[in-house]
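The values are calculated or read from the model by the stated rules, or taken from the named source; none is laboratory data. Quantities reported herein were computed from a predicted structural model and do not represent experimental measurements. Glycine gets a Cβ as well: all are built from the backbone with ideal geometry, and neighbour counts include every protein chain shown. Quick note on the areas: whole protein, heavy atoms, side chains included, nothing else; ligands and nucleic acids left out. Shrake-Rupley method; radii C 1.70, N 1.55, O 1.52, S 1.80 Å.
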Amino acid sequence: EAEVAQSPRYKITEKSQAVAFWCDPISGHATLYWYRQILGQGPELLVQFQDESVVDDSQLPKDRFSAERLKGVDSTLKIQPAELGDSAMYLCASSFGGSPYNEQFFGPGTRLTVL
Amino acid sequence: QQQVKQSPQSLIVQKGGISIINCAYENTAFDYFPWYQQFPGKGPALLIAIRPDVSEKKEGRFTISFNKSAKQFSLHIMDSQPGDSATYFCAAPWGSSNTGKLIFGQGTTLQVKP
């Protein structure tokens with residue numbers, strides 16, 4: 001069964017350092033989402049791509065976060081510099097299209113701890 | 001900011017019992033309400049979803065009930081099993097967005113005791 005792949009699974013870093021997360025969506029899925037999930041809360045959308053284009057990044061803290069999906073397939077989310085409050089699970093999801101009715105498939109996430 | 005309010009925050013049910021989780025949403029242009037299930041160390045996975053041309057959808061032991069006038073929907077788990085122990089999130093489309101953007105509830109941690 002096709003799955004969304006994410007790496008690394010765990011990342012520990014010190015504040016002010018740069019970190020990067022990678023996501024490989026399910027083959028054929030044009031829409032890719034990055035979410036942040038703080039412990040005990042629901043996922044919060046950071047950025048949405050349709051192919052290589054950003055559809056929504058209204059919730060992305062652009063002073064320190066950046067995301068790209070250069071060839072419209074895999075994607076990278078970067079944080080520079082990391083802050084203590086960035087400690088969270090970062091989830092990637094993909095769907096066939098950007099319709100509200102398309103199921104979003106989530107990866108296992110990257111657990112980030114900022115010390 | 002648009003919210004989806006989910007309750008209870010945690011729930012303990014005996015094996016064989018009924019688990020009920022409720023969500024209330026604000027205005028949304030698209031009537032599509034999914035429930036996601038998340039096990040520890042895993043990403044959320046779609047459990048069941050309703051497109052409310054109907055007021056109820058049932059899949060096995062899982063049922064979504066929808067009340068459009070009250071802007072509420074709920075998940076019922078019949079004959080709850082220990083394997084159902086997980087965190088459950090309701091979600092709703094974000095406002096008038098037709099891009100697939102979802103807003104999630106805070107989650108309900110369900111523990112089913114053997």
Report task. Quick one: which residue in B:Gln9, B:Gln111, B:Gln72, B:Gln37 is in contact (Cβ under 8 Å) with a residue 24 or more places away in the chain, in contact with a Gly (Cβ under 8 Å, 6 or more places away or on another chain) and open to solvent by 10 Å² or more (accessible area, probe 1.4 Å)? Result -> B:Gln9
Report task. Could you tell me whether region B:19-29 includes any residue that is among the polar types (S, T, N, Q), open to solvent by less than 70 Å² (accessible area, probe 1.4 Å) and within 15 Å of A:Gln104 (Cβ to Cβ)? Result -> no
Requested in this report: Please state which of the following conditions A:Gly42 fails to meet, knowing it meets all the rest: (1) surrounded by fewer than 15 Cβ atoms within 10 Å (Cβ to Cβ); (2) closer than 26 Å to B:Thr87 by Cβ; (3) of a type outside the set (A, V, I, L, M).
Outcome: (1)
Report task. Give me a count of the residues in region B:78-91 that are farther than 15 Å from B:Leu46 by Cα and of a type outside the set (D, E, K, R). Result -> 6
Report task. Return the residue satisfying two criteria in turn: it lies in region A:91-111 and is outside any loop (DSSP other than H, G, I, E, B) and under 12 Å from the mean Cα position of the chain (by Cα), and of such residues it is nearest to the other protein chains (Cβ to nearest Cβ). Result -> A:Phe106
Requested in this report: Mind listing whichever residues of region A:77-90 are buried (at least 17 other Cβ atoms within 10 Å of the Cβ), over 19 Å from A:Val54 (Cβ atoms) and more than 10 Å from chain B (Cβ to nearest Cβ)?
Outcome: A:Ala82, A:Asp86, A:Ser87, A:Ala88
Report summary line: Filter region A:46-60 for residues that are open to solvent by 40 Å² or more (accessible area, probe 1.4 Å) and free of Cβ contacts under 8 Å to residues at least 24 places away in the same chain; the one that is farthest from the other protein chains (Cβ to nearest Cβ) is A:Glu52
**Report entry** Residues being within 11 Å of chain B (Cβ to nearest Cβ) and of a type in the set (A, V, I, L, M) - total across region A:6-45
**Finding:** 5
Report task. Could you check how many residues of region B:46-75 are more than 19 Å from B:Ser10 (Cα to Cα) and either of a type in the set (Phe, Trp, Tyr) or at the interface with chain A (Cβ under 9 Å from one of its Cβ atoms) (or both)? Result -> 4
Query raised in the report: Of all the residues that make up region B:88-101, how many are within 7 Å of another protein chain (Cβ to nearest Cβ) and modelled with pLDDT under 90?
Result: 5
Requested in this report: Give the residue that is most open to solvent (accessible area, probe 1.4 Å), with candidates limited to residues of region A:25-39 that are farther than 16 Å from B:Lys42 by Cα and not hydroxyl-bearing (Ser, Thr, Tyr).
Outcome: A:Gly28
